[in-house]
Structures are given as C-alpha cells and as structure tokens.
1. How much length would be gained if the chain were fully extended between Asp181 and Trp99, taking 0.36 nm per residue of separation minus their Cα-Cα distance, in nm to one decimal?
2. Which GluC sites (Glu not before Pro) in the stretch 139-227 pass both tests, a DSSP loop state and at most 11 other beta-carbon atoms within 10 Å?
3. HN-Hα J couplings of the stretch 313-328 from phi, Karplus 6.51/-1.76/1.60, θ = phi - 60°, integer Hz, Gly and Pro as x?
4. Which net charge results for the neighbourhood of Asn122, defined as the other residues with beta-carbon distances under 10 angstrom from its beta-carbon, given Lys and Arg at +1 and Asp and Glu at -1?
5. With runs of 4+ DSSP H residues as the only contributors, calculate the mean residue ellipticity of the chain at 222 nm using -39,500 (n - 2.57) per run, divided by the residue total and rounded to the nearest 500.
6. Could you order the peptides 300-308, 326-334, 38-46 from most to least packed, using the average number of other C-beta atoms within 10 Å per residue?
7. I need the phi-derived Karplus couplings for the stretch 210-224: 6.51 cos²θ - 1.76 cosθ + 1.60, θ = phi - 60°, integer Hz, Gly and Pro marked x.
8. How far apart, in nanometres, would the label points at Asp319 and Ala188 be if each is projected 7 angstrom from Cα along the Cα-to-Cβ direction?
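The values are calculated or read from the model by the stated rules, or taken from the named source; none is laboratory data. Owing to the predicted nature of the structure, the values given are computational and were not obtained by experimental measurement. Glycine gets a Cβ as well: all are built from the backbone with ideal geometry, and neighbour counts include every protein chain shown. For the accessible areas, the whole protein counts, side chains as well, though only heavy atoms, and no ligand, DNA or RNA atoms are used. Shrake-Rupley method; radii C 1.70, N 1.55, O 1.52, S 1.80 Å.
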Amino acid sequence: MTTTTRTRSLTAFLLTAALALAGCSGSSEKAGPGFATVDAAYGEITVDEKPERILVLDAAMVELLDVLGEEPLVVVGGKADLDDYPWLDYDGEFDPDLWDADWNISAEAVAEWEPDLIVGGNPWQIDEKLYEDLSEIAPTYAGRYTQAEGGATTWQESLADLATLTGHDDAVVDEAVAAYDATLATAAEKLPGLQGKSFQLAVLSDEDQQLWLTEYANGPLLGLGLTLGEGQPSDEDGETAESAPKYSLENVDQLTADVVFLVTHEYVDPEGEFRASLEADPRVAELPAAQNGTLVYLRDTTWYAVNPPTPASVAWWLDQVMPQLEESALNQSGQ
C-alpha cells in the first residue's frame, strides 16, 4: 500500500486556493452528464453514472479521492497498515480479506462489496488477468500505463482520470497541481545552494543487495531545483531503473552526485546491516554528498512518501528532509 493527517486540510486548500491554473493534460474525457470514459492501461474504462460505491485497492488513491471529495466504500487491508503512511487521514472501512493468502487481490472478495468503481494504483498490483476478472464486477482503474510501458502513472494523471470517472470538473485537478507546484517552489526557495546541483537516488534491491538508481522520486527532487546526476534515469526519456546503473558496496564510491539519497527499507535490510556497512565505509564518508552534508538516508516511511509522490505525502516528506538539506554545508554556501 502506498499513501498526512493533513489531507483534509489540504483538500480544503485545494478547493479554495486562488492560484493560477497550472494545466494538466490527460487522456480522459467527459461524454456527458452521468457518463464518462478514460483511456487507461488496459483500454477504455466507461462508467454509465456517477459511482457511489468506490472500492480502493491502493491507499494512495484514498488521498486523491479525498481531494475530489469522494469517500471510498472500503479500502484493502487494515487500519494498522496506515502506520507507515502518516500523511493519510482515513477513518473509513477496511477489509483485509481483499487480499488472499498469497497477498494477491481476491476478485471474489471484491465482488462481495458490490462496488460500482474499483480503483487500483498501477499494473504491478493489477495485471491484465486480474483486470479482466475485476472488470466483470465493475469498471476498474489501474493507472494509464502497462508494465511494458513503465507502469508509473503520476498522481496528476490519476487525479485527472478519477475526476473524470467521478464527474468532477478539471479545475479541481488544475488547482491541485498548482498547489503542489507551489509547495515545492516554496521549499526550493529555502535551498539556494542546491539549485542546479545534481542528485542520485539509489534503492537497495532485494534481488542482489545492490543499490539501484531509480526514477520513481524524480518529480519532487526536480521540483526542488535539483538536476539528474550521473546515471540517474529519466522516465521522461524512457529510461527506467531496469536499465539504470547499480552499485555494490564495493563501488559505492561511484555515487558522486552533489546530493545522494540512499534507500535501505526494512523488508530488504531488516536488521539495518547494509546501512551500518555504508555508514562505516570510509569511502562513503568521502563522497561529495557526505562532505556536503547532503547524503540523505531514506527508510520505509520517508521512501514510501515519494514512491509514488502525492500532494500530502510530499508535504509530509519535506518536513522530514528539509532540515538536513537547509542546514547542509552545500546549501549554506549558497546563502
């Protein structure tokens, strides 16, 4: 699951903000009152009337529905699952039985809720076979792109599609995008020494215990005024983590960007041994980012907040990382 206790207040702000519209292109269209179609990962999704029973299979979508003023019927999992997602404010219904024994979505359990719209986050969670099964129950949204296309649908794209499917005006999306951009721009103003500096973000892989550069958090980091470092993949250019460089502990000295984020989340490094090895390695201490005070470790919640990013999760994430970035020698040198 991926998804601040500030979400409610953020929603109110988004709906009343007097910001210039930022524009958000999408592949969705309204076909008249009570009828809407969007072009998504596995083809067109059509709803014949405004959905009233929305079943959610990705908690990150709860925030986006909340921006639209939509209350889910039920969300997969249990309330305790939200402990790692403090930016999400949701007090509604949960159902852990929407997962089967192998932690796959159970179409049978979904059908019992009789939803009129099923909302997932991406095709890694809902593959084509499951999509077909769920679509027999209700129109099912699983993002815009298949796994072969990279799979990563931005929150802006998802919000635009959900707005169409639930009958909301595009202005809500424009206001949300403008507010999000303003949040990052305000943070960037506090980081004059980091403007134009390079970054790399590497995630410890459970496949081979190596650090893989990934593009998943590029959006917020570029929004802070950073630029892509050596090997940092750019999803806009069709480059993804699958073809990006990876670094073992032995060649960690190749992480030479001005700002480096290292992700060692719990399920890959449960005892923190890999991170301890990094912190004890003298080559890590010699990295430009370490010397700059801009070597940032992300673990679990501080990683989930930008993978994928949403307005509330990024606002929360900035509260966590901005103190280190603001106080860093690199930033202070640009004051």
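1. Working: separation 82, 0.36 × 82 = 29.52 nm, distance 3.53 nm.
Here the answer is 26.0 nm.
2. Details: sites: Glu149, Glu157, Glu175, Glu189, Glu207, Glu215; in loops: Glu207, Glu215.
Those satisfying the criteria are Glu207.
3. 5, 5, 4, 5, 4, 4, 4, 7, 9, 4, x, 5, 5, 5, 7, 5
4. Working: positive: Arg144; negative: Asp58.
For residues surrounding Asn122, the net value is 0.
5. Numbers: 13 runs with 111 residues, N = 335.
It lands at -9000 deg cm²/dmol.
6. Working: 300-308: 21.1, 326-334: 15.3, 38-46: 17.6.
Sorting 300-308, 326-334, 38-46 by mean packing, highest first, produces 300-308, 38-46, 326-334.
7. 10, 8, 9, 5, 9, 8, 4, 10, 4, x, x, 6, 5, x, 7
8. 2.4
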